[in-house]
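Only one structure is covered here, and it is reproduced in the block below.
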Amino acid sequence: MNGATNNKVLTLDTLNPNVVKMEYAVRGPIVARAGEIEKELKEGVPKQFTKVVKANIGDCHATGQKPLTFLRQVLAMVTYPELLNSRDFPEDTKNRARRLLEGCRGGSIGSYSDSPGIAVIRQDIAQYISDRDGVPSASDDVYLCAGASAGIKSVLTMLLTGKGGTDKAGIMIPVPQYPLYSATLAEYDAYPIRYYLNEENHWSLDVSELKRSINEAKPNCRPKAIVIINPGNPTGQVLTRENIQSIIKFAKEEKLFILADEVYQHNIYADGSQFFSFKKVLKEMGDEYSSMELASFMSASKGFMGECGYRGGYSEIINLDPAVRLQYNKSISANLCPPVSGQAVIDCIVNPPKPGEPSYELFLKEKTKVLDLLLQKAKLVTKTFNSIEGIKCNEVQGAMYAFPQIFLPPRAIEEAKKQNKTPDSFYCFQLLEETGICTVPGSGFGEKEGTYHFRTTILPPIEELEAVLQKFKEFHIRFLQKYQ
Ligand SMILES: Cc1ncc(COP(=O)(O)O)c(C=O)c1O
């Protein structure tokens, strides 16, 4: 019903058009259909499968990963301090819980914290970053946030110009990209400057492509910033140090603010791949570069902890003009503070048990188990996809996803068009209906015209993943036969 025929203040005609423009494929129509199928299965509707496999979202605990004992013990005590008297928790977890509670107003995580976060947690994060990079970090540069998503959105807010037309802020984003970026730019009415990752070279980031995209965009907007996701989502690549240096040089030449999305910094699998933070590389490139403005982001949701539901994250924002920092501090204060329980989770991540502490052995065992399994699954997924005719998959070097290219027969593409679907969503819908495997079509992340992909997580338990890949292979062969 439109505005002419109903008396609602908000109709599709009067709703903020930027909200209508936003798309977020990770929870898009295929996922909605997966929810319906789950309901149908419960109601006894006969299907060729008994369970929906949610390979659409990087939500580790939802696919069976167990929380880390250490982290949950600390969280239990900060939530219910009577537990500090229990004999069941090791002394080091109690010390951490007490320290965090001392940092909270009134000794309770039920109170608001300072807007940038609790002071001791900001200090622990700065220490973690300094130890990781071998480069100093200041706690005043650290801001806790409600998941990395909130931090990214608040930094993007600073970059908007407040103007329309060709004066809109241009923000460079990768294609394919994690759709938080395209959705937020649509919501904020900013101009996405899309640069394509090089699929032929492990989804690397070529400076010639950065130049092409910014030069094409310059007549349409005012380029302000570049977003880099490393390790990549959905593409799973890990950037080399040299590649990062070349991006920093490009950003300097073009006077761009850098947003480095580094939420998968603990998820590195490929032999020879290593995580380098943009902050480290930038600081080590000498005076010409070390004062560039950079915001980097980390999350409680990924890595080996996978605590998505706590909504913990932080940003480190360096080299801001002091007057801008004051304005930023003011702007985040309007949100009061990020969730304090999420802040406590982040503290457990950046300040884990040390060798010799009572929790250390179990913590190390649990962390190593998660990361070892992810590594095995990354290798299994890459190998299996590349063994299937009509599929090509770059190595999953990091993060939690594979983004294989599917070579679809022309008849399938025609059929998809008839049904008003992109060819890859046509493929993913059929995969879901026939096997229960829920993935996300590549078009939701952006892809080069005429290429088709889908994204799957590598998160299901390994025994389940093997069976899922076998079912996938059989489906793919049937699909090719059907449309060839
Ligand atoms: C690249 C990337 N950045 C940011 C986020 C947001 O994470 P959070 O749960 O911390 O908001 C995600 C989540 O999947 C992601 O993949």
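Only the coordinates and a few stated rules stand behind these numbers; no lab work does. Every value quoted in this text rests on a predicted model; they were computed, and no experiment measured them. Note that each Cβ is placed from the backbone with ideal geometry, even for glycine, and that neighbours are counted across all protein chains shown.
Placing pseudo-labels 7 Å out from each Cα toward the beta carbon at Thr79 and Leu10 gives an inter-label distance of 3.1 nm. Farthest toward the positive end of the dipole of the range 69-108, out of Val74, Gly106, Pro90, is the Cα of Gly106, where the dipole comes from beta carbon charges about the Cα centre.
Give, in nm to one decimal, the length gained when the segment between Arg411 and Gln48 is fully stretched (0.36 nm per residue of separation minus the Cα-Cα distance). Display every interim value, and only then the final one.
Numbers: separation 363, 0.36 × 363 = 130.68 nm, distance 2.49 nm.
Taking 0.36 nm per residue and subtracting the Cα distance, the gain is 128.2 nm.
Debye calculation, C-alpha points only, no solvent: report log10 I(q)/I(0) for the range 112-350 at q = 0.10, 0.12 Å⁻¹, in the same order as the q values. The computed values of log10 I(q)/I(0) come out as -0.43, -0.64.
Per DSSP H run of n ≥ 4, the term is -39500 (n - 2.57); total these for the chain, divide by its residue number, and report the mean residue ellipticity at 222 nm rounded to 500 deg cm²/dmol. Write down the numbers at each step before the final one.
Values: 17 runs with 207 residues, N = 484.
Helix-only estimate at 222 nm: -13500 deg cm²/dmol.
The alpha carbons of the range 69-108 give a radius of gyration and a Dmax of 9.1, 27 Å, in that order.
For a modelled paramagnetic label at Ala467, 7 Å from Cα along Cα-to-Cβ, the residues of the range 35-53 in reach, with backbone nitrogen under 15 Å, are 48-53.
One-quarter of the Cα convex hull surface for the range 1-157, in nm²? Don't skip to the end; give the middle numbers.
Numbers: hull surface 67.4 nm².
Mean projected area of the Cα convex hull: 16.9 nm².
The simple spin-label model puts a point 7 Å past each Cα toward its Cβ; for Gln127 and Glu361 those points are separated by 2.5 nm.
Annotation for the range 400-436: chymotrypsin sites (Phe, Trp or Tyr not before Pro) lying in DSSP loop with at most 16 further Cβ atoms inside 10 Å of their Cβ are Phe407.
Calculate the dipole size of the chain relative to its Cα centre from +1 charges on Lys and Arg beta carbons and -1 charges on Asp and Glu beta carbons; express the result in debye to the nearest 20.
About 680 debye.
Going 7 Å from the Cα of Lys369 toward and past its Cβ, which residues in the range 448-470 have a backbone nitrogen under 20 Å from where you end up? Counting backbone N atoms under 20 Å from the label point, the list is 458-466.
Which of the three applies to the range 142-202, rounded, prolate or oblate, going by the alpha-carbon gyration tensor with a ≥ b ≥ c and a/c under 1.5 meaning rounded? It would help to have the intermediate numbers written out before the result.
Numbers: a/c = 2.43, a/b = 1.16, b/c = 2.09.
Taking the square roots of the gyration eigenvalues as a ≥ b ≥ c, the range 142-202 is oblate.
Once the Kirkwood radius over Cα pairs is known for the range 356-484, the Stokes-Einstein relation at 37 °C and 0.692 mPa s delivers a diffusion coefficient of 207 µm²/s. When you work out D = kT/(6 pi eta Rh) for the chain at 10 °C and 1.306 mPa s, using the Kirkwood radius from C-alpha pairs as Rh and the Stokes-Einstein form, the result is 66 µm²/s.
Under 19 Å from a point placed 7 Å out from the Cα of Lys379 along the Cα-to-Cβ direction: which residues of the range 450-477 have their backbone N that close? Zone members listed by number: 458-467, 469-470. Oblate is the label for the range 279-327. Its Cα gyration tensor axes, ordered a ≥ b ≥ c, give a/c of at least 1.5 and b/c at or above a/b. Structural size metrics of the range 257-375, computed from C-alpha coordinates, are Rg and Dmax of 16.9, 47 Å.
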